[in-house]
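Comments concern the structure below.
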Amino acid sequence: MNIELDNIRKDFPILNEKVNNKPLVYLDNAATTQKPQVVIDAISNYYTHTNSNIHRSAHTLASNATELYENSRDTIQKFLNAKYRHEINFTRGTTEGINLVMYSWAMHNIHEGDEIIISALEHHSNLVPWQQLCTQKKAKLLIIPINEHGELMMDIYYKQLSVKTKLVCCVHTSNSLGTINPVKDIIEKAHLFGAKVLIDGAQAVAHAFIDVQALDADFFVFSGHKLFGPTGIGVLYAKESILNEMNPFHYGGEMIKTVSYETTTFNDLPYKFEAGTPNIAGVIGLGVAIKYVESVGFDFIQKQETALLQYATEKIQQINGLRIIGTANNKASVISFVIENIHTYDVGVLLDKMGIAIRTGHHCCMPLMESLSLEGGTCRASFSFYNTKEEVDTLISGLERVVRMI
Ligand code: PLP
């Protein structure tokens, strides 16, 4: 292991844990990423030294807490290259961000006969809301199919687009197969028909620099916990002009300007979409997590993850009876696989006994797994920049043992 990587691993205390008396090999980064000490300290320091409600009191703690909270918004604005800080709205995560768009935008803009396009690679959180909305509104849900490598069939997408298309919702990077989708092209083509586009960036933000202006995304959502930040915090980016037209999602404190018994005027952006006391510690932790990622740098992250993906792909396909599911040309550091005659759950349990954490099952993509005739879903090893080639070797020897055992 090189010194740089060795130092990075020291930033993540959990990587020193033992699980079932074995050193932890954490390869479930697509489910959630581990937290560096600076993020843990930021949350702890906030509660130890600054805890106070924001935006409302005159006292020092409150203004310190407000400053930390709003500083995070600035960090995220720069991280996504959003035009305005008020285009950054804090949510509980990707799922809530998508639901916010569904209730506050789509509910008022999708009508009978309209069409929404999603892809076959969507996580349930970017499928169920649109399916439910389409049922309620008598709109039509179209699905962009995938080829045998798990890549979107763009020629079919182009044909699906029409003046009826009002919204396209697409995952940037598939959590189940690792496919990185051509989202810029997807957005560009949808805009030719006047449709809005929502990009699910849950799996993208930890692996590559995202520029929402260059993408020209109308909505972009992600979760803090997949970006080395805390759980229960996420971001909805949307263009100012669209946010201004949207109705509030939740009603109550913070999102108001004036209230009488008869009527209410709503607050300015972004507070219009941040009703109630938010997850202040989560927002602060997320800001620190992003600063940490920036200090590591996407050059290092991508170099490390690409090397791990190549190394692991080469080795894993030599295992007897193992088949990789998802072989896209443009792929994130995720390997989904099945092993002949061994249930995915059994693979997961046996690896766990060796201290190796992977994910097994449908990965919240049941229709996709069904279309691939994978009843037990897949086993999924997902790598982050803090993983090592030695850990890949441990996974491979663990899988060889599993194959021998069964
Ligand atoms: N979209 C994708 C691609 C995901 O991988 C996930 C989580 O696994 C989600 C959405 C949902 O994220 P959250 O549970 O943080 O809201």
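The values are calculated or read from the model by the stated rules, or taken from the named source; none is laboratory data. It should be emphasised that the depicted structure is a prediction, and the values quoted were computed from it without experimental measurement. Cβ: placed from backbone, ideal geometry, glycine included. Neighbour counts: every protein chain shown. With ligands, DNA and RNA removed, areas are computed over all heavy atoms of the protein, side chains included. Shrake-Rupley method; radii C 1.70, N 1.55, O 1.52, S 1.80 Å.
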- prompt: Pairs, please: C-beta under 6 Å, at least 6 apart or cross-chain, first residue closer than 9 Å to residue 168 by Cβ and assigned to a loop (DSSP other than H, G, I, E, B) and in the stretch 188-202, second within 16 Å of the ligand (Cβ to nearest atom) and of a type outside the set (Asp, Glu)?
  reply: 195/168
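Quick grid of which residues meet (1) of a type outside the set (Ser, Thr, Tyr); (2) open to solvent by 10 Å² or more (accessible area, probe 1.4 Å); (3) modelled with pLDDT of 95 or more; (4) more than 22 Å from residue 94 (Cβ to Cβ):
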| residue | (1), (2), (3), (4) |
| --- | --- |
| 307 | yes, yes, yes, yes |
| 310 | yes, yes, yes, yes |
| 320 | yes, yes, no, yes |
| 355 | yes, no, yes, yes |
| 365 | yes, no, yes, no |
| 368 | yes, no, yes, no |
| 378 | no, no, yes, no |
| 389 | yes, yes, yes, yes |
query: Checking residue 90 against (1) surrounded by fewer than 23 Cβ atoms within 10 Å (Cβ to Cβ); (2) within 16 Å of the ligand (Cβ to nearest atom); (3) aromatic (Phe, Trp, Tyr), which single condition isn't satisfied?
result: (1)
Residue ID - surrounded by the fewest Cβ atoms within 10 Å (Cβ to Cβ), chosen from residues in the stretch 110-122 that are over 10 Å from residue 137 (Cα atoms) and out of contact with any Ser or Thr (no Cβ under 8 Å at 6 or more places or on another chain): 118
- line: The correct count of residues that are within 13 Å of the ligand (Cβ to nearest atom) and either at pLDDT below 95 or among the hydroxyl-bearing types (Ser, Thr, Tyr) (or both) in the stretch 93-125 is 4
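Identify, please: which residue in the stretch 235-275 is in a strand (DSSP E or B) and free of Cβ contacts under 8 Å to residues at least 24 places away in the same chain and is, among those, nearest to residue 212 (Cα to Cα)?
We begin by selecting, within the stretch 235-275, every residue in a strand (DSSP E or B); these are 235-238, 256-259, 264-266.
Checking which are free of Cβ contacts under 8 Å to residues at least 24 places away in the same chain leaves us with 256-259, 264-266.
Details: 256: 28, 257: 29, 258: 33, 259: 35, 264: 32, 265: 30, 266: 26 Å.
Result: 266.
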query: Would you pick out the residues in the stretch 87-137 that are within 19 Å of residue 286 (Cβ to Cβ), in contact with a Leu (Cβ under 6 Å, 6 or more places away or on another chain) and small (Gly, Ala, Ser)?
result: 97
statement: In the stretch 41-52, anything assigned to a helix (DSSP H, G or I) and open to solvent by less than 70 Å² (accessible area, probe 1.4 Å) is listed as 41, 42, 43, 44, 46, 50
query: Which one is farthest from the chain's Cα centre (by Cα), of the residues in the stretch 12-44 that are more than 16 Å from the ligand (Cβ to nearest atom) and of a type in the set (Gly, Ala, Ser)?
result: 44
statement: Quick count over the stretch 250-303, residues being among the acidic types (Asp, Glu) and surrounded by fewer than 16 Cβ atoms within 10 Å (Cβ to Cβ), is 4
- prompt: Can you name the residue in the stretch 349-406 that is without any contact (Cβ under 8 Å) to a residue 12 or more places away in the chain and assigned to a loop (DSSP other than H, G, I, E, B) and, of all such residues, is nearest to residue 145 (Cα to Cα)?
  reply: 373
